[in-house]
Amino acid sequence: MDSTLLAQLRNAIRDIPDYPHEGIIFRDITTLLGEPRAFRRAVDELVHPYAGEHIQKIAGIEARGFILGGAMAHQLSCGFIPIRKKGKLPRDTVRIAYSLEYGIDEMELHKDAIKHGESVILVDDLIATGGTAEAAVKLLLQLGANIVGACFVIDLPDLGGRKKIEALGVPVRTLIEYEGE
Ligand code: AMP
């Protein structure tokens, strides 16, 4: 990626120190989403390697993955499927528990969201420890998805999430790295 684009994206992301807990720097992409050029360029950059790959579904993780994923699906002319917090999806689901910083949570995907063997890209705004994305990958695999890649605007490499997802055999694409947490 060229350095101008990198700077444009980095400038559009807002850092919120000590949110939601002391010691965490929250990387807020709502400012990026609100800037027309930065939003378009981020989405263009996310979809770029997958153009012509016959992707059938984008799977977005609630909630910021929905915004990026919807735009990606539109651009790739493919479907979008939501991976949601438990209790939100109305039909039969597969469900998985995953660890958060404090305690555990569960996420779900409609059982009929994917046909066996369909090519899917997973998307979220940021990968930190990779626990959220790992759970999402496992749900998709349970339904027989062919996960072509997982992509994120932001990587916090010190937390090891990328390696965790790559160890599951899923290639990872990220646009910006921030050192530390
Ligand atoms: P993890 O499961 O540790 O990879 O955390 C990833 C999820 O938590 C993503 O859905 C992110 O939106 C959110 N998240 C974790 N850390 C941050 C952070 N420093 N800034 C913004 N979002 C974060």
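The values are calculated or read from the model by the stated rules, or taken from the named source; none is laboratory data. For clarity, every value in this text was computed on a predicted model and none was experimentally measured. A quick note on method: Cβ atoms are made from the backbone with ideal geometry, for glycine too, and the neighbour counts reach across all protein chains shown. Only protein heavy atoms, including side chains, enter the accessible area calculation; ligands, DNA and RNA are left aside. Shrake-Rupley method; radii C 1.70, N 1.55, O 1.52, S 1.80 Å.
List of remarks:
- Some residue of the stretch 63-72 being touching a Cys at 6+ places or on another chain (Cβ under 7 Å) and open to solvent by less than 80 Å² (accessible area, probe 1.4 Å): no
- Of all positions in the stretch 96-107, at least one carries a residue that is over 23 Å from residue 31 (Cα atoms) and crowded, with 20+ Cβ neighbours inside 10 Å.
Conditions tested, residue by residue: (1) within 14 Å of the chain's Cα centre (by Cα); (2) part of a helix (DSSP H, G or I).
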site: 141; (1), (2): no, yes
site: 149; (1), (2): yes, no
site: 152; (1), (2): yes, no
site: 158; (1), (2): no, yes
site: 163; (1), (2): no, yes
site: 169; (1), (2): no, no
site: 173; (1), (2): yes, no
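- For the stretch 115-160, the tally of residues that are within 9 Å of the ligand (Cβ to nearest atom), within 24 Å of residue 93 (Cβ to Cβ) and small (Gly, Ala, Ser) stands at 4.
- The stretch 17-36, subset touching a helix residue (DSSP H, G or I) at 6+ places or on another chain (Cβ under 7 Å) and not hydroxyl-bearing (Ser, Thr, Tyr), residue most open to solvent (accessible area, probe 1.4 Å): 35
- Test: residue in the stretch 8-16 that is within 16 Å of the ligand (Cβ to nearest atom), open to solvent by less than 50 Å² (accessible area, probe 1.4 Å), free of Cβ contacts under 8 Å to residues at least 40 places away in the same chain and among the small types (Gly, Ala, Ser): yes
- Search result, residues across the stretch 108-155 that are surrounded by fewer than 18 Cβ atoms within 10 Å (Cβ to Cβ) and at positive phi: 117, 144
- Test: residue in the stretch 131-154 that is hydroxyl-bearing (Ser, Thr, Tyr), farther than 23 Å from residue 21 by Cα and at pLDDT 95 or above: no
- Where helices (runs of 4 or more DSSP H) fall wholly inside the stretch 28-130, the ranges with 1 or more residues that are under 23 Å from residue 160 (Cα atoms) are 36-47, 64-76.
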